Amino acid sequence: MHHALQALTDELRRLKTAGVKTVSVSEESITALRRVVAERAQRAPSVPRATAPTADAAAVPAAAPVKAAAAPKPYEPPAARSFAAKPAAPDEAAPRLPDAPVVTLPAGDKATRWAALHALVMNDPTCSQNVRPGKKVVLGVGSLDARIMFVGEAPGAEEEIQGEPFVGPAGQLLTKMIQAMGQKRSDVYIGNIMNWRPQMPTVDGREQVGNRPPTEREMTYCLPYLRAQIDVVNPELLVALGSTAAQGLLGFGSFKALGDIRGRWHEFAGKPLMVTYHPSYILRNQSNRSKRMIWEDLLKVMERATLAISEKQRAFFLDR
Ligand code: URA
């Protein structure tokens with residue numbers, strides 16, 4: 001119960017920061033929140049209401065118009081939003097940012113240029129200011145000779161701890177997808193639109209619960225670093241994983257639903273770009289039908305990269 005309330009409180013704070021004035025809250029949640037307010041009031045009866053450290057959520061039952069009895073949405077991992085083709089979070093949801101960096105790398109081989117880029121990103125004060133103490137800025141990982149580069153949305157909880165993209169549950173699934181393509185994770189390059197995990201308010205200095213999609217400004221800030229990685233690695237093909245990655249690469253408002261543009265070839269930085277669903281779509285939709293949709297997109301990538309495709313691979317997930 002405590003975690004659920006914590007998550008609800010965080011989500012209400014995020015929505016408030018994003019300018020949302022009305023929310024739909026179930027009777028059950030309102031009752032639970034009222035109980036929290038009452039318990040707090042009992043614990044600190046002498047604190048005047050106006051200055052009391054009440055959670056925003058605690059104020060909601062009294063102040064916010066309750067429209068419907070829909071259950072509050074639990075937190076979703078970034079990709080759960082990604083495939084829903086949601087727009088980027090409103091810019092007000094994030095701290096103000098300076099202009100996007102201009103990246104100039106030294107001449108030299110790929111390793112030299114990537115190392116210089118890595119140093120640039122790790123020493124970028126804007127990146128550092130956007131991660132919490134003890135957490136890491138994240139740059140892409142993989143072979144500098146990769147023929148295929150996957151692009152995701154942003155580091156999540158596990159990624160900002162390890163400083164590597166796609167190492168959490170969605171990342172483990174991505175690794176399996178890569179292996180199903182007959183490749184090793186170390187054969188490809190894996191990057192993200194963002195170099196930091198988009199922050200959300202936390203309560204009492206506790207760990208951030210859940211993720212929010214990056215704002216347009218955040219993505220614009222980090223994009224030169226992704227472009228530089230594409231420039232250094234020079235892959236033959238790009239694969240955007242999920243709606244946010246697709247928006248970052250193809251432009252905001254360039255499509256309505258991911259379903260309209262996935263499975264087709266687009267272009268970014270002069271490279272063919274395949275758009276598909278984010279692996280966490282599969283984490284939430286375990287049906288063979290969903291797996292087959294992504295797999296068909298990846299078969300197109302394999303075909304274009306002239307990777308060998310066995311009959312068995314062609315038939316993966318066909319038993320609907
Ligand atoms: N989701 C992403 O889009 N990127 C990561 O690095 C991890 C999860």
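The values are calculated or read from the model by the stated rules, or taken from the named source; none is laboratory data. Small disclaimer: the values here were computed from a predicted structure and weren't measured. FYI the Cβ positions are ideal-geometry reconstructions off the backbone, even for glycines, and counts take in every protein chain you see.
General observations
- Applying the condition of being assigned to a loop (DSSP other than H, G, I, E, B) and touching a Ser or Thr at 6+ places or on another chain (Cβ under 7 Å) to the range 186-200 and asking which residue is nearest to the ligand (Cβ to nearest atom) yields Ile193.
To keep it simple, each residue is scored yes or no on (1) in contact with a strand residue (DSSP E or B) (Cβ under 9 Å, 6 or more places away or on another chain); (2) in contact (Cβ under 8 Å) with a residue 40 or more places away in the chain.
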| site | (1), (2) |
| --- | --- |
| Asp109 | no, no |
| Ala115 | no, no |
| Gln129 | no, no |
| Pro133 | no, no |
| Glu153 | yes, yes |
| Pro165 | yes, no |
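- Looking across Val203, Val232, Val188, one residue alone is at pLDDT below 95 and of a type in the set (A, V, I, L, M, F, W, C). It is Val203.
- When the range 117-129 is filtered for residues that are more than 21 Å from the chain's Cα centre (by Cα) and either surrounded by 18 or more Cβ atoms within 10 Å (Cβ to Cβ) or modelled with pLDDT under 95 (or both), the ones remaining, listed by number, are Leu117, Leu120.
- Criterion applied to Arg113, Arg132 was being away from the ligand (no atom under 16 Å from the Cβ), in a loop (DSSP other than H, G, I, E, B) and surrounded by fewer than 20 Cβ atoms within 10 Å (Cβ to Cβ), and the one residue passing it is Arg132.
- Only listed residue being over 21 Å from Pro213 (Cβ atoms), crowded, with 19+ Cβ neighbours inside 10 Å and in contact (Cβ under 8 Å) with a residue 60 or more places away in the chain, chosen from Ala94, Ala146, Ala170: Ala146
- When the range 128-146 is filtered for residues that are under 19 Å from Arg96 (Cα atoms) and of a type in the set (Gly, Ala, Ser), only Ser128 remains.
- Arg262 modelled with pLDDT of 95 or more, buried (at least 22 other Cβ atoms within 10 Å of the Cβ) and over 25 Å from Val121 (Cβ atoms): yes
- The set of residues in the range 135-185 that are more than 9 Å from the ligand (Cβ to nearest atom) and within 20 Å of Ala116 (Cα to Cα) comprises Lys136, Val137, Leu139, Gly140, Val141, Gly142, Ser143, Leu144, Asp145, Ala146, Met149, Gly163.
- Restricting Val138, Val103 to residues that are within 15 Å of the chain's Cα centre (by Cα) and among the β-branched types (Val, Ile, Thr) narrows the list to Val138.
- Complete set of residues in the range 153-166 that are touching a Gly at 6+ places or on another chain (Cβ under 7 Å) and buried (at least 20 other Cβ atoms within 10 Å of the Cβ): Glu153, Gly156, Glu159, Pro165, Phe166
- Residue check: Val209 meets all listed conditions (1) surrounded by fewer than 20 Cβ atoms within 10 Å (Cβ to Cβ); (2) within 19 Å of the chain's Cα centre (by Cα); (3) closer than 21 Å to Val239 by Cα but one, namely (3).
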